[in-house]
Structure formats: structure tokens, C-alpha cells
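Enquirer: After the C-alpha cells below, expect a handful of questions from me.
The values are calculated or read from the model by the stated rules, or taken from the named source; none is laboratory data. Since the structure is predicted, the reported quantities are computational estimates derived from the model, not experimental observations. Here Cβ is always computed from backbone atoms with ideal geometry, including for glycine, and neighbour counts include all displayed protein chains. Surface areas here come from the heavy atoms of the whole protein model, side chains and all, with no ligands, DNA or RNA. Shrake-Rupley method; radii C 1.70, N 1.55, O 1.52, S 1.80 Å.
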Amino acid sequence: KLSLIHILMSFESFLEQQDGIYESFKAFIKSDKGVVPKSHRQGAYMIAFRHSDEITNKIMDFSNKVSKLVRSIKYDKSNAHTTIIIFQAKDDFVCDTKMLERLSEVVEGCLPLLERVVVDYDCWLLNQDAGVAAGKPNSAFYGVVEQIVNQASKKGMEFRLPWGAHITVARFLESKSKDEIKELIQLFKTELPIGKSKPVSIDVGYLNFSSDDFKYFVFKSFNLSNS
């Protein structure tokens, strides 16, 4: 088992990294840059926290508002998530059921959770190619992520930690200048934030990015309501 001191020290480093990335989003808003789509044609295995209907409905509503201002990939109950692990991302990704089974065993080996994961989504942020709900997690979030990484390592799989506890809410599909996104920036500044979320499950599956869509195919879902 990981010591509490080790988790808290690592958690502080995680928050510093996340805050640095959030600051880059805030710097974009203050810059003279517009939005530019990024090519996302890729697939990968993914382990992710999934949220309650109350949370995902807020994501869906906001994502729809964004897409009316700038054409973008939308997020809803089918694909909204907070990434724990993305594994073997590649352009020519082909899903292997045996790998999904191995990943499911990794998650199963980390349950039940000792502490309840909570993330406070306290603002919306955007950069040149995407919009996110920026999340501030409790230490249990990082403890679970690190536990999954360590469990996978024992099974010969090396995972990279996620950069943050955010939820992606839009990926832009067209270019617009700074003048053309004034209304978009105003939306991100004034829309009420989501607030606190207690993830309801950890899902194992795989993702597929096409030129204009993001799909998350769930192989197995582990309920966290009793954790």
C-alpha cells in the first residue's frame, strides 16, 4: 500500500503541474490568438472516471452552447469523462479484447476505493483547440490514479499519469480569429461552473477520434456508489 505521506507529496506535484496547464489556458484568453482545430484521428485504450447524469447534463448543455458559436466536437452522456489513463494511442489503433480484459483486471484490483473521489469543477477554460471544465481534485483522486498505475506496472504495463482532473467539453473544428471568438470567450467567463462531482464509476474501454467526432466505447464499468 502507498503511504499517505507519499500520496500527498505526489498529489502536490500533480496539482502544480495541473495549475501550470490551467494557467496556459488563462494566458490564451488574454492573448490575441484565435482558435485552430487540431487533427485528432487516433484511437487508444482508456480508463476514465464517469460522472452522474446531473454533471453530464451540464457538460452536454454547455458543449451545445459552444458548438453554436464555433463548430466543435460535442460531449454528452456517451463520451463525457475525466481521464485516468490513455494507453497505446496510435493512428492505426485496433482494439484487442484481451487487452481490455487485462485493463479491467487492473481496475478490479484497486477496488473498493478507500476514500471517495471528489473533484470541484469551479470554472470553464479554453485554449486554441479545446474547451474544458477545470477541476480541482481531492487527494483521493490522485491516490486512485497512482494505485491504478502501480497495479498496471505489476502486470507489465507502463501507464502515464493524466495531466489533470479536467473534463473536456469541446474540441474546435474550425478556425476563427480573436475578434470572431469574443462571444465564445464571454460564454466561458460567465457560464456558471459545474461544481463538485463524485464520480459514479470507473470505466474501461477504448476511444476513437475521427475528423469530427469523439467516441468512447465502454467494455466494463465499475460502480463507485458504495466506495
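Enquirer: Go ahead and estimate [θ] at 222 nm for the chain from helices alone: -39,500 (n - 2.57) per DSSP H run with n ≥ 4, summed, over the residue count, rounded to 500.
Expert: My calculation for the chain gives -12000 deg cm²/dmol from helical runs alone.
Enquirer: Right, here's the next one. Could you work out the relative contact order of the chain? I mean the mean sequence separation of Cα pairs under 8 Å and 6+ apart, divided by the number of residues, in percent.
Expert: 34
Enquirer: Further question: Would you mind calculating the gained length between I185 and D122 on full extension (0.36 nm times residue separation, minus the Cα-Cα distance), in nm to one decimal? Numbers along the way, then the final one.
Expert: Numbers: separation 63, 0.36 × 63 = 22.68 nm, distance 1.63 nm.
Extra length available between I185 and D122 comes to 21.1 nm.
Enquirer: Counting other Cβ atoms within 10 Å, keep those with at most 10, restrict to DSSP loop, and tell me which trypsin sites (Lys or Arg not before Pro) in region 78-163 are left.
Expert: Hits after loop and neighbour filter: R160.
Enquirer: For an R0 of 25 angstrom, estimate the FRET efficiency from the Cβ-Cβ distance between S153 and D96 and round to the nearest 0.05. Could the numbers behind the result be given before it?
Expert: Working: r = 20 Å, r/R0 = 0.79.
So the FRET efficiency works out to roughly 0.80.
Enquirer: Which of the trypsin sites (Lys or Arg not before Pro) across region 27-66 are loop residues per DSSP, with 13 or fewer other Cβ within 10 Å?
Expert: For trypsin sites (Lys or Arg not before Pro) across region 27-66 that sit outside H, G, I, E and B with at most 13 neighbouring Cβ atoms in 10 Å, the list reads K38, R41.
Enquirer: Kindly identify region 37-112 as rounded, prolate or oblate by the Cα gyration tensor criterion: order the square roots of the eigenvalues as a ≥ b ≥ c, call it rounded if a/c is under 1.5, otherwise compare a/b with b/c, prolate if a/b is larger, else oblate. The partial results should precede the final answer.
Expert: Values: a/c = 3.47, a/b = 1.42, b/c = 2.45.
Here region 37-112 falls in the oblate category.
Enquirer: Further question: List residues of region 34-66, by number, whose backbone nitrogen lies under 18 Å from a label position 7 Å along Cα→C-beta of S225.
Expert: Hits in region 34-66 for S225 at 18 Å: 49-57.
Enquirer: Please say if region 98-154 is rounded, prolate or oblate, where rounded means a/c under 1.5 for a ≥ b ≥ c the square roots of the C-alpha gyration tensor eigenvalues, and otherwise the choice is prolate for a/b larger than b/c and oblate otherwise?
Expert: Numbers: a/c = 3.17, a/b = 1.65, b/c = 1.92.
Since a/c reaches 1.5 but b/c is at least a/b, the shape of region 98-154 is classed as oblate.
Enquirer: Rounded to the nearest whole Å², what accessible area per residue is found for the chain with the 1.4 Å probe? If you can, show how the numbers build up before the last one.
Expert: Working: 11460 Å² over 227 residues.
Accessible surface, normalised per residue, equals 50 Å².
Enquirer: Considering all projection directions equally, how large on average is the shadow of the alpha-carbon convex hull of region 136-204, in square nanometres? Spell out each step's value before the answer.
Expert: Values: hull surface 28.5 nm².
Average projection, Cα convex hull of region 136-204: 7.1 nm².
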